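These notes are about the structure you will find just below.
The values are calculated or read from the model by the stated rules, or taken from the named source; none is laboratory data. All values reported here derive from a predicted model rather than from experimental measurement. Cβ placement follows ideal geometry from the backbone for every residue including glycine, while neighbour counts extend to all protein chains displayed. With ligands, DNA and RNA removed, areas are computed over all heavy atoms of the protein, side chains included. Shrake-Rupley method; radii C 1.70, N 1.55, O 1.52, S 1.80 Å.
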Amino acid sequence: GLYDLAMKTGSPVIGLIDSAGLRLQEATDALNAFGAIYMKQTYVSGIIPQITAILGTCGGGLALFPTLTDFTFMEEKEAKLFVNAPNALDGNVITKCDSSTAAFQSEESGIVDVVADEATVLSKIRELVAFLPSNSNEGSDLAECTDDLNRVNEEIAGCAGDTSIALSILADNNDFFEVKAGYARDMVTGFLKLDGVTVGAVANRSEICDEEGNVAEKLEPTLSVEGCEKAADFVNFCDAFEIPVLTLTNVKGYKATMCSEKGIAKAAAKLTYAFANATVPKVNVILGKALGTAAIAMNSKSIGADITFAWPDAQVGTMEGKLAAKVMYDGQGADTIKEKAAEYDALNCSATSAARRGYVDSIVEPADTRKYVIGAFEMLFTKSEDRPAKKHGTV
């Protein structure tokens, strides 16, 4: 009944869960009731936003409730989320690994978007709702902008590594709402407003800074399985609700481990499909490296980005010059390789060369990024783009 009313009024649904599960005495009636809720959640998916907060126990079939919704919040200490209880996992006991905790479900499984104490969870839900449209017909949420549209930020030049900070700098009033911050930290996803319009952001991340702004951890600027899947799901949400997408690109390739190799091709394809399939306004800013097909997957012009900017020192090409020179001039000595690497970088791997070929629309100074991105989205506000008629894709 609640979902029916939400559909009639075009309103989001927020669920607060603390339940011991179904009553065994109700048997198939209880199972059917679960199925009926699953069906409603599926029916409204992509039409009205769905948010779940887990404040206590959410186990067994209940665990499908949050995973069928768009965003999941979880109380940090007492809340439990599981399909199989930790002690029911083969070879595990809860003292060895408590797989039901908020830490596990946010950092390992990537189900939970925000972890906090109960009061903060409720406050954060209100913050998120303020960014979202009530339904897919409303389009991106609009608010009056009290920030300077032409604000210049010299400090953003040092934030190509930790793009969560870069996005905070770009955002109206420096308000960036990050989702899934604890999962796949090489990829940043979240919402910000630019000139009062909600925009979804996806950004590569190669550094994690502490509260004082010092680099606490370095990451490889590569695409990982988890990062690709996290970003793809986020882009799909934005596209469903007509929320424009901004990407900050700094990637040189794919994560190269045996574990990653098992799924990276499929995950990168999923990310590529999400960007290519999305018809909302799409703007890409290349902050650092944009090398190889990993950069193509990051909302490049060739898969549908409407406007692409690049910082002056950005590298755009197939690979770094030193690697290309080693391939093309193998055996010709270190001095020759060094010389040819510099030539290759200048001719084939610079933002200028990419702009000459039309793959970058404008080269912008880092400090001016905000005004250029706002201008691009304002120009794209009336964008309309169709895809071939079909039931749905299969990626």
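Kindly state, to the nearest 0.05, the FRET efficiency for D175 paired with A334, given R0 = 41 Å and r defined as their beta-carbon distance. Calculated transfer efficiency: 0.25. Computed over the chain with a Gaussian network model linking Cα atoms closer than 10 Å, the most mobile of K322, K124, K193 is K322. Mean projection of the Cα convex hull over all viewing directions, computed for the stretch 1-111: 7.6 nm².
Where the only charges are on Cβ atoms (+1 Lys, Arg; -1 Asp, Glu), what is the dipole of the chain about its Cα centre, to the nearest 20 debye? Show your work: numbers first, answer last.
Numbers: 35 positive and 55 negative charges, 304 e Å.
Value, rounded to 20: 1460 debye.
Order 272-283, 32-43, 307-318 from most to least packed using the mean count of other Cβ atoms within 10 Å.
On the way: 272-283: 22.2, 32-43: 13.8, 307-318: 20.6.
Sorting 272-283, 32-43, 307-318 by mean packing, highest first, produces 272-283, 307-318, 32-43.
Report note on the peptides 239-246, 97-104, 145-152: ranked by the mean count of other C-beta atoms within 10 Å, highest first, their order is 239-246, 97-104, 145-152.
Find the relative contact order for the chain and round it to a whole percent, using C-alpha pairs within less than 8 Å whose residues are 6+ positions apart.
Details: 796 pairs, mean separation 43.6, N = 395.
Dividing the mean separation by the residue count of the chain yields 11 percent.
Fully extending the segment from E211 to D386, taken as 0.36 nm per residue of separation minus the present Cα-Cα distance, adds 58.6 nm. Largest first, the three principal axis extents of the alpha carbons in the chain are 79, 52, 48 Å in whole numbers.
Going by accessible surface with a 1.4 Å probe and the largest first, R356, R126, R387, R205 read R356, R126, R387, R205. Taking the square roots of 5 times each eigenvalue of the Cα gyration tensor of the stretch 176-287, largest first, gives ellipsoid semi-axes of 22, 19, 11 Å. Between the helical axis of 264-277 and the longest alpha-carbon principal axis of the chain there is an angle of about 90 degrees. Using only the alpha-carbon atoms, how far is helix 27-44 inclined from the longest principal axis of the chain? Give it as 0 to 90 degrees, nearest 10. On a 0 to 90 degree scale, this one is about 40.
Looking at the square roots a ≥ b ≥ c of the eigenvalues of the Cα gyration tensor of the stretch 254-395, which shape do they give, rounded for a/c under 1.5, prolate if a/b is larger than b/c, or oblate?
Details: a/c = 2.69, a/b = 1.37, b/c = 1.96.
Here the stretch 254-395 falls in the oblate category.
Taking a straight line from the alpha carbon of K96, these aspartates and glutamates sit under 16 Å away, with near neighbours fewer than eight places off in the same chain left out: E108. What part of the accessible area of the chain, given as a whole %, is carbon or sulfur when the probe is 1.4 angstrom? Exposed carbon and sulfur together represent 53 percent of the surface.
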